[in-house]
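See below for the structure under consideration.
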Amino acid sequence: MGATSLRSRAVGAVLLAAVTLTACGGSTDDGKALSPSPKTSPTPRPTPSPTPSLTAEDGHDIKACADADCEVLISEPVEVSFDGPGGKAALSVTEVGPDKVAYTVKSANGRSRGSASGPGQGCLTVLRENGSGNSCGRVGTAAPEAQPDAVVVQLAAGEDGTALLHLVSD
């Protein structure tokens, strides 16, 4: 390498160092040095608020279900007797937890069980005088439609450990 090339590189290195130092310190128009800006912590992100608890027309009053027409919140295992299509029927909620429900319905014509777990999950049982049908999966929180000569039982799991029970009769 020639002397000119070495000199050019040395000058370039000195210029680069000078520019870097000037950029870091800086000065104002009147020649006074700028002080570095204070370091700030990042702004914390707001913590998402928990999903609001479910609400029910009959609150937590399980006795409102005796006539097979209610909307009740349940947060622990309960039992309730109600008027079914073939006589007295009994609902036994055996498990309630975050996104989890399980129950058994007994009537004069048999027994039906349902259990579900996961967000938005629940079960629906239709009691008729000659038997019952059951389905579990995504049920939502809206009341099921009444069916002729039947009682519809719907239990929807809530993420806060509260379940929403609907009993609907015609």
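The values are calculated or read from the model by the stated rules, or taken from the named source; none is laboratory data. All values reported here derive from a predicted model rather than from experimental measurement. A quick note on method: Cβ atoms are made from the backbone with ideal geometry, for glycine too, and the neighbour counts reach across all protein chains shown. Only protein heavy atoms, including side chains, enter the accessible area calculation; ligands, DNA and RNA are left aside. Shrake-Rupley method; radii C 1.70, N 1.55, O 1.52, S 1.80 Å.
Asp170 passes all but one of (1) open to solvent by 70 Å² or more (accessible area, probe 1.4 Å); (2) in contact with a Pro (Cβ under 9 Å, 6 or more places away or on another chain); (3) over 19 Å from Glu57 (Cα atoms); which number fails?
(3)
Looking only at the stretch 113-130, filter to residues that are in contact with a strand residue (DSSP E or B) (Cβ under 6 Å, 6 or more places away or on another chain) and more than 26 Å from Asp160 (Cα to Cα); which one of those is surrounded by the most Cβ atoms within 10 Å (Cβ to Cβ)?
Among residues in the stretch 113-130 that are in contact with a strand residue (DSSP E or B) (Cβ under 6 Å, 6 or more places away or on another chain) and more than 26 Å from Asp160 (Cα to Cα), the one surrounded by the most Cβ atoms within 10 Å (Cβ to Cβ) is Leu127.
Starting from residues that are in contact (Cβ under 8 Å) with a residue 24 or more places away in the chain and of a type in the set (Val, Ile, Thr), keep the ones in the stretch 137-167 and report whichever is surrounded by the fewest Cβ atoms within 10 Å (Cβ to Cβ).
Applying the filter and picking the extreme gives Thr141.
Take the conditions within 20 Å of Thr162 (Cβ to Cβ) and of a type in the set (D, E, K, R) and apply them to Arg138. Does it pass? Walk me through how you get there before you give the answer.
On the way: within 20 Å of Thr162 (Cβ to Cβ): yes; of a type in the set (D, E, K, R): yes.
Considered against the rule, which asks whether it is within 20 Å of Thr162 (Cβ to Cβ) and of a type in the set (D, E, K, R), Arg138 comes out as yes.
Using the structure shown, decide if Ser107 is closer than 21 Å to Asp83 by Cα, open to solvent by 10 Å² or more (accessible area, probe 1.4 Å) and among the hydroxyl-bearing types (Ser, Thr, Tyr).
It is true that Ser107 is closer than 21 Å to Asp83 by Cα, open to solvent by 10 Å² or more (accessible area, probe 1.4 Å) and among the hydroxyl-bearing types (Ser, Thr, Tyr).
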